[in-house]
Amino acid sequence: MRRLEWPLHIVRRVVIGVVVLAVLAVAIPLGIRWIGDVRARCDDGVVKRGENKECVGVTDGSYHFAGHLAAVVKKIKEENDKVSKEAEEGEPYVSVAYLTSFTLTNDDSNSEDSVRHELEGAYLAQYRHNRGDLASSPKIRLLIANTGSSSAHWNYTVDELIDRMDSADKLVAVTGLGPSTDPNLEALRKLSKSGLATVASTMTATNIQGISGFVRVSPTNVDEAYAATAYLKGSTKLRTAVVVQDAAKTNLYAATLGTAFTEAFPDKKTGHRLVAERMTFDSSVPGGAWKNELRYFPAQLCDTRPQVIYFAGRGRHLTNFLDSLANRSCTDHTFTVLAGDDTSNLDREQIAHAVENDVTVLFTGLAHRDMWRADPRRVSERSARYFQQGGQMDEWFPTDDRYDGQDIMAHDAVLTAAEGIRMAAIGGPDSVTGITVRRMFHQMNGPQQVAGASGFISFQNNGNPRNKAVPILRLNAQGRAELVEVSSAQGKPPEGQ
């Protein structure tokens, strides 16, 4: 029987066809997954997560998470590109990340203004370290890390940060870390276990302490409560008080603030006393029922008539409380409301509205640009001048009214990380790691303390700042916080160098 022989060109076509079919059999399903990943991808290291498809993750400034951040993110990207270009010529560098929620909803205590101001202050610290008055080596690339609204996607973002420790980014420290909430605490613990150095800018809950490699530049809630008490006892005749507190279990900020004031305020010698038990509401109850709870408080307050109402809750809860208090029956009685630092997250419109209610509203802030002028021994003049009217920050961001002090706190947090990097680099640029940077934090005492714009900063063994300066602020009708005085946990902050 004669064997059938195919022409060579037909054989080639058949072979090619078989190969193509085999490739397509594999490529088509892979292609579907790849297309799906593209749709979920916002940029390198940034992906869409959750029902709202938030873009979360880590960027070097190639991506801005919200339109209002575009101007400052552009500056960070330009500075990062300069560092990368200089690295090609042999200039060493490491990276520092600024981590918080940059895509916000009504569930967040931070405002768009506050997180934008934080990023502006972080950029200033990067610039000062790289090519400003504090120029040092290795240079710093600043990464922007978004955990999403309420830090719901912290796990993805933290994993992305940890991956960058051994990558070309050479990440050694994470700053910012967001407000005092359970998700942010979990993120902090995971970062700590990875060996990264961590510096909180506005995390004040007292029970967040003693975590390896962690320090904060803000006073704790206990410090704030004692600073408030020192002000009341030394500068006013206000001797009776009631605590109004958010009882939500996840609100670590409110719980520690209310407890601290309850312990600090009573004093038999001076006659300062609490005239009723704590009045609580629960902001975690679904449907906003906490607003209804606040409506019942004025009647009770009119019965007890305290001179001071110490409000231990978030700023957005404070505005609702003040609205309720405005409808009180005892209009003949004058109340002074004293709150914690989260009040700084109110925008100017909310602040102006808060003082329409014929109630004096004071709060313990974290920083204020007038602190240096009021008490120049307590604050670094060199750092403070950047935030004064007509200073460098006004030149860079002329249309942004940084009224809340958040830029100062973020600057001081990144400045602390930068100081740790500079000190660790004594052994050479290759010696700068997360572990070596965090070891330097506890060397920042005496002449080595951080010359912050919010005050001179040194750290206790548990990571808390030592007797940090605390500004007492008053809200005014122009939507600003006015400096009343500079206090501290001990009533008088330590003098700077």
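The values are calculated or read from the model by the stated rules, or taken from the named source; none is laboratory data. These figures come from a predicted structure and were not determined experimentally. Backbone-built Cβ (ideal geometry, glycine too); neighbour counts: all protein chains shown. With ligands, DNA and RNA removed, areas are computed over all heavy atoms of the protein, side chains included. Shrake-Rupley method; radii C 1.70, N 1.55, O 1.52, S 1.80 Å.
Which residue, of ASP370, ASP430, ASP358, is loosely packed, with under 15 Cβ neighbours inside 10 Å and not assigned by TED's automatic domain parsing to the domain that holds ALA71? Please lay out each step first, then the result.
Details: ASP370 fails: loosely packed, with under 15 Cβ neighbours inside 10 Å; ASP430 fails: not assigned by TED's automatic domain parsing to the domain that holds ALA71.
It is ASP358.
From ASP108, ASP133, ASP163, ASP169, grab the single residue that is of a type in the set (D, E, K, R) and without any contact (Cβ under 8 Å) to a residue 12 or more places away in the chain. Spell out how you get there, then give the answer.
Numbers: ASP108 fails: without any contact (Cβ under 8 Å) to a residue 12 or more places away in the chain; ASP133 fails: without any contact (Cβ under 8 Å) to a residue 12 or more places away in the chain; ASP169 fails: without any contact (Cβ under 8 Å) to a residue 12 or more places away in the chain.
Residue meeting the stated conditions: ASP163.
Return only the number of the condition from (1) in contact with a strand residue (DSSP E or B) (Cβ under 8 Å, 6 or more places away or on another chain); (2) farther than 30 Å from SER283 by Cα; (3) surrounded by 20 or more Cβ atoms within 10 Å (Cβ to Cβ) that PRO92 does not satisfy.
It is condition (3) that PRO92 fails.
Of the residues ARG385, ARG378, which is without any contact (Cβ under 8 Å) to a residue 24 or more places away in the chain and either open to solvent by 60 Å² or more (accessible area, probe 1.4 Å) or part of a loop (DSSP other than H, G, I, E, B) (or both)?
Numbers: ARG378 fails: without any contact (Cβ under 8 Å) to a residue 24 or more places away in the chain.
The conditions single out ARG385.
Residue by residue through the range 468-486, note down the ones that are under 24 Å from the mean Cα position of the chain (by Cα) and either at pLDDT below 90 or among the aromatic types (Phe, Trp, Tyr) (or both).
LEU475, GLY479, ARG480, ALA481
Which condition from (1) under 21 Å from the mean Cα position of the chain (by Cα); (2) among the small types (Gly, Ala, Ser); (3) open to solvent by less than 40 Å² (accessible area, probe 1.4 Å) is the one that ALA71 breaks?
Result: ALA71 fails condition (3) only.
Looking at ASP407, ASP401, can you tell me which residue is open to solvent by less than 10 Å² (accessible area, probe 1.4 Å) and closer than 20 Å to PRO471 by Cα? Quick ask: steps written out before the conclusion?
Numbers: ASP401 fails: open to solvent by less than 10 Å² (accessible area, probe 1.4 Å).
One residue alone meets the criteria, ASP407.
If you go through the range 79-89, how many residues are under 27 Å from ASP159 (Cα atoms) and open to solvent by less than 50 Å² (accessible area, probe 1.4 Å)?
The number of residues fulfilling the criteria is 5.
Working carefully through the options SER283, SER218, SER212, find the one that is of a type in the set (S, T, N, Q) and touching a Pro at 6+ places or on another chain (Cβ under 9 Å). Quick ask: steps written out before the conclusion?
Numbers: SER283 fails: touching a Pro at 6+ places or on another chain (Cβ under 9 Å); SER212 fails: touching a Pro at 6+ places or on another chain (Cβ under 9 Å).
Selected residue: SER218, the only one of SER283, SER218, SER212 that is of a type in the set (S, T, N, Q) and touching a Pro at 6+ places or on another chain (Cβ under 9 Å).
Can you spot a residue in the range 470-490 that is open to solvent by less than 30 Å² (accessible area, probe 1.4 Å), hydroxyl-bearing (Ser, Thr, Tyr) and part of a strand (DSSP E or B)?
Yes, that holds for at least one residue.
Among the residues of the range 75-86, are any outside any helix (DSSP H, G or I), assigned by TED's automatic domain parsing to the domain that holds THR147, more than 25 Å from ASP400 (Cα to Cα) and in contact with a Phe, Trp or Tyr (Cβ under 7 Å, 6 or more places away or on another chain)?
no
Which one of these is of a type in the set (A, V, I, L, M), open to solvent by less than 60 Å² (accessible area, probe 1.4 Å) and touching a residue at least 24 places away in the same chain (Cβ under 8 Å): ALA289, ALA299, ALA254? Reasoning before the result, please.
Working: ALA289 fails: touching a residue at least 24 places away in the same chain (Cβ under 8 Å); ALA299 fails: open to solvent by less than 60 Å² (accessible area, probe 1.4 Å).
Unique residue meeting the criteria: ALA254.
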